[in-house]
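Here the structure comes first, spelled out in C-alpha cells, and everything after it is commentary.
The values are calculated or read from the model by the stated rules, or taken from the named source; none is laboratory data. These numbers come from a predicted model, not from an experiment. Cβ atoms come from the backbone with ideal geometry, glycine included; neighbour counts cover every protein chain shown. Remember, those area values only see protein heavy atoms, side chains included, never the ligands or the DNA or RNA. Shrake-Rupley method; radii C 1.70, N 1.55, O 1.52, S 1.80 Å.
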Protein chains: 2
Amino acid sequence: MFSYNLIASAGSARAGMFHTPHGDLETPVFAPVGTQATVKTLTPAQLEELGASLILSNTYHLYLRPGDELVRDLGGLHEFMQWRKPVLTDSGGFQVFSMAKTRKIDNDGVTFKSHIDGSEHRFTPEKSIQIQENLGADIIMAFDECSDPSDHENVKIAMDRTHRWAERCLESKTRSDQALFGIIQGGVNPDLRVESANFIASQPFPGIAIGGLSVGESKDEMHAMLDLVLPCLPDSKPRYLMGVGTPEDLIDGILRGVDIFDCVLPTRLARHNAAFSSEGRLNLMNAVFARDEQPIDGSCACYTCKGFSRAYLRHLIIAKELLAGTLLSIHNLHALIQLVKDIRGSILDGTLEERISTWQTQWAGNAVRSAGIE
Amino acid sequence: MFSYNLIASAGSARAGMFHTPHGDLETPVFAPVGTQATVKTLTPAQLEELGASLILSNTYHLYLRPGDELVRDLGGLHEFMQWRKPVLTDSGGFQVFSMAKTRKIDNDGVTFKSHIDGSEHRFTPEKSIQIQENLGADIIMAFDECSDPSDHENVKIAMDRTHRWAERCLESKTRSDQALFGIIQGGVNPDLRVESANFIASQPFPGIAIGGLSVGESKDEMHAMLDLVLPCLPDSKPRYLMGVGTPEDLIDGILRGVDIFDCVLPTRLARHNAAFSSEGRLNLMNAVFARDEQPIDGSCACYTCKGFSRAYLRHLIIAKELLAGTLLSIHNLHALIQLVKDIRGSILDGTLEERISTWQTQWAGNAVRSAGIE
C-alpha cells in the first residue's frame, strides 16, 4: 500500500512515486502546513488549484482542539477538512519539546501544559500513535525527542530515547492504511547522526524522516548532517526532511536525496506581507509598489500572478483586507510547489545539472531560515 | 448601452435584463459589497463561482485609500480588483452623512474628516462624479443627502438639495460608458417621497435608486414608502433599493417591484460566525454544533455546503482560523443570490404566487435589519 518507486535519479537527487491510500505522490514534494486542519486562509479547492498534493497537519494542535476523537467520529482528517489527497501528521513531539519551561520528560513520555488553557497533558509513544490513528492521516510519524542540537551528552540521551520510542511506536500501531515513518535525531553530532540513521534504517518503517534540523544550526551544519545521513538510507524508502524550508533549502535537500519537505514559511510570510519571487523576496507593503502594475512574479503562473498587480496587493495590505493573506499564500505555496515540480521534471529529463545553478541563483534572494510553532 | 428589458412580471414583481458594458445583468439581482475593492475574504473566482454578477464598491473608502486617481491609472476598478462583470459605486454621500459629528453640509457640498487620519476633505456633486468616473464602475450614483428620516422640515431641505445635486451630477458627467442613477429621498414622509420619486423619474437617468431606507425606520414604514414610491417610476428603468437587506427584505422588495439590492449583511454576519439557513439563522460558534456532521443548510448547493460540516466550521471559529469567514461568506452570499435567482425564475415561469409564502416562511427566521458603514 505504501511502496516507493524510484523513477529516475541525477547524482543523489531522486524522482519517484510514493503510493498512499489517498493517491500517488510524485516526489520530491513540498507539503503546505495545515496546523489546525486548515492551511491558513485557503480552501481545499484553492490548494488543489495551486498544485498541492500532500498536506501536513499537527497532532499536538488537533489533539487539544477539536480533539482527535471528535475528528475520528466525524470521519477522520480527510473528511473533516475536505482534503481528498494525502495527509501527513507529525507526532506532536516537536511542539511539546518546544515548550522548554513547562514540559517534563521521562523515559516513558512527556508531560506538558496546553498553550490554550494551561491544562496538563501527557504524550507517550503509544498515545501519539493512538491520536494519529484517530486523526487518520496517510503518513504518521514516530514520537521523537528533539533536543538542543549541540550538547553531545543530552543529544545522545534524547537519541537513545527516540530509538526506544520508535520501537514502541511500531509495536503500538494497529492501522494498516497508515505509513509510520521513523525519525532520525542526533543533533549536529556526526557520530550520533550516523548511529541514528543506521538504527532507524534498520527498523521496518516504510519511510524515514530526518528531524532536529533547521532548528537554529547553521546552513553548513545542516548540509554536513544531510551528507552524512542520506547515504545510510536505503534507496527503497522515501526520505522526509521535517520543517524545511526556504527555496534554497529545498534545492539543497533535493540535490542530496530528500523526497518530502514541509514548512510553514510560505503561509507565514504571506501573513507578514512577503512574497517569494525570482527577483528575491518582496515586501508588498513597501511604498515602492503603490503604483506597480506588475504581478508579484512575471514568470509565475499562479492565480494571484495571473491578474493581480503589486499595487492592488499593497492596497489590500494597507487597508487590512484579509484577501491579501489569501492571495499571497496562494502565490508563495505555488512558488515552492512549482519549484520542486520543475526540479523533479529536470531529474526525469536529465537536465538537472545544467539548470540547477540558474535556480540556485534565482532563489537565493529568498533565503531566510525559519523554525518553531506557527 | 444601458437599456433595461422587462421580460416578465407577476403582480408588481419584475424579471428583467439590464445591459451594461461588462455584461447583461439578470434582474432582480443581489450585489455583494466590496467596500475597499474586495468583497471581504473572497477572491473574484470564488465570487463568480457562488453566483455573483454585480459588485458594489464604496466611493468614500476608495477615494481615501488607495485614491481614485491611482485606481484610474491602474486601469479602473474592474482591472484593479480583477472583477470582469458589472460594478456599481455609491456616491460617498451615505458614508459622509453618517459622520454626523464631524461633517458640515452646505448647498454646494459637504466637508468631512477622514476616518483614517482625520484629514479634511470635501465632496460636491461634481467631485463625486469625478471620483466615480476615475473609478470606472458601470453603474454610478448621484450625490445625495440622507437625513434623519422623520424630521419633516430637515428631510424637505435635504430632499430639495438632493434634487439640485441630481441635476448637477447629470450636468457634470462626461463618460458615456457609465449609467448614472438618480436617488429618491424623502425619509418616511409620504408627501416628500412621492415628490422625490416624481422629480427623479422626470430626469434623464437610466436607472433610479431609492435611498434613505433601512436606516432605522420600522419595516412597516419602509414598506409604506416602497408602496408609494414604486408606482411613480417608469417600467422602463431598473429600480435599486440601496443597502437592503435581509432575506425577508429582498422578498418584500421584489414583490413591490425592486430590481437591484446590495447589503453588507451576508459578509458581516459571516465575520460574526452567523449563517443564513432555511432553518433560520445559525450561530456556528454554538457548542450544539461541535459534533454536527450536517452542512449549514442541506438544501444549499454552495461550495461550503457541498462538503464542510457544521462541526468543522465551528472548529475553525473556535481556533480563530480565517477560513471560517471565507466559508461562511461563500454560503451567506450564495444563499441570498440564489434566493433572488429562484424568485426571478418563478416570475419567469409563472409560479411566484404559489411559491412565495414558502419562501417567506422559510427565510423569516433570518430577519434582522442592518445599516451603516461596514
*Working only within segment B:177-198, note down all residues that are part of a helix (DSSP H, G or I) and of a type in the set (Val, Ile, Thr).*
B:Val194
*Would you check which residues across segment B:51-71 are surrounded by fewer than 24 Cβ atoms within 10 Å (Cβ to Cβ), within 11 Å of chain A (Cβ to nearest Cβ) and either in a helix (DSSP H, G or I) or of a type in the set (S, T, N, Q) (or both) and list them?*
B:His61, B:Leu64, B:Glu69, B:Leu70
*Is it the case that segment B:259-281 has a residue that's touching a strand residue (DSSP E or B) at 6+ places or on another chain (Cβ under 7 Å) and at pLDDT below 95?*
yes
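Results for (1) among the acidic types (Asp, Glu); (2) facing another protein chain (nearest Cβ under 9 Å); (3) touching a residue at least 40 places away in the same chain (Cβ under 8 Å); (4) not in a helix (DSSP H, G or I), shown as yes or no for each residue.
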| site | (1), (2), (3), (4) |
| --- | --- |
| A:Cys300 | no, no, no, yes |
| A:Lys306 | no, yes, no, no |
| A:Tyr312 | no, yes, no, no |
| A:Leu333 | no, no, yes, no |
| A:Ser346 | no, no, yes, no |
| A:Thr361 | no, no, no, no |
*asked:* Checking the structure you have, find out if any residue of segment A:79-91 is buried (at least 23 other Cβ atoms within 10 Å of the Cβ), assigned to a helix (DSSP H, G or I) and within 14 Å of chain B (Cβ to nearest Cβ).
replied: yes
*Select from segment A:197-246 the residues that are modelled with pLDDT of 95 or more and of a type in the set (Lys, Arg) and write down the one among them that is least open to solvent (accessible area, probe 1.4 Å).*
A:Arg239
*Exactly one of (1) touching a residue at least 60 places away in the same chain (Cβ under 8 Å); (2) within 26 Å of A:Glu26 (Cβ to Cβ) is unmet by A:Met81. Its number?*
(1)
*Confirm whether B:Ser176 is more than 17 Å from the chain's Cα centre (by Cα), under 22 Å from B:Ser128 (Cα atoms) and crowded, with 19+ Cβ neighbours inside 10 Å.*
no
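Before we move on, is A:Ala100 free of Cβ contacts under 8 Å to residues at least 40 places away in the same chain and among the small types (Gly, Ala, Ser)?
Numbers: free of Cβ contacts under 8 Å to residues at least 40 places away in the same chain: yes; among the small types (Gly, Ala, Ser): yes.
So A:Ala100 passes the test.
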*What is the number of the single condition among (1) surrounded by fewer than 21 Cβ atoms within 10 Å (Cβ to Cβ); (2) more than 14 Å from every other protein chain (Cβ to nearest Cβ); (3) β-branched (Val, Ile, Thr) that B:Ile318 does not meet?*
(2)
*asked:* Cβ-Cβ distance below 7 Å, separation of 6 or more or different chains: which pairs start in segment B:231-252 with a residue that is closer than 23 Å to B:Arg355 by Cα and end on one that is of a type in the set (Lys, Arg) and open to solvent by 40 Å² or more (accessible area, probe 1.4 Å)?
replied: B:Gly245/B:Arg369; B:Thr246/B:Arg369
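Could you check segment B:268-298 and list, in sequence order, the residues that are at the interface with chain A (Cβ under 8 Å from one of its Cβ atoms) and of a type in the set (D, E, K, R)? If you could, list the steps in order and put the result at the bottom.
Here is the first cut: in segment B:268-298, the residues at the interface with chain A (Cβ under 8 Å from one of its Cβ atoms) are B:290-291, B:293.
Residues satisfying the conditions are B:Arg291, B:Glu293.
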*Considering only residues of segment B:270-298 that are open to solvent by 20 Å² or more (accessible area, probe 1.4 Å) and touching a residue at least 60 places away in the same chain (Cβ under 8 Å), which is nearest to the chain's Cα centre (by Cα)?*
B:Arg271
*Where a residue in segment A:21-44 is without any contact (Cβ under 8 Å) to a residue 60 or more places away in the chain and at the interface with chain B (Cβ under 7 Å from one of its Cβ atoms) and its partner, wherever it lies, is of a type outside the set (A, V, I, L, M, F, W, C) and surrounded by fewer than 24 Cβ atoms within 10 Å (Cβ to Cβ), with Cβ under 6 Å and at least six apart*: A:Gln36/A:His61; A:Gln36/B:Glu321; A:Thr38/B:Glu321
_Selection count, segment B:125-176, where residues are part of a loop (DSSP other than H, G, I, E, B) and either under 27 Å from B:Ser53 (Cβ atoms) or among the aromatic types (Phe, Trp, Tyr) (or both)_ = 11
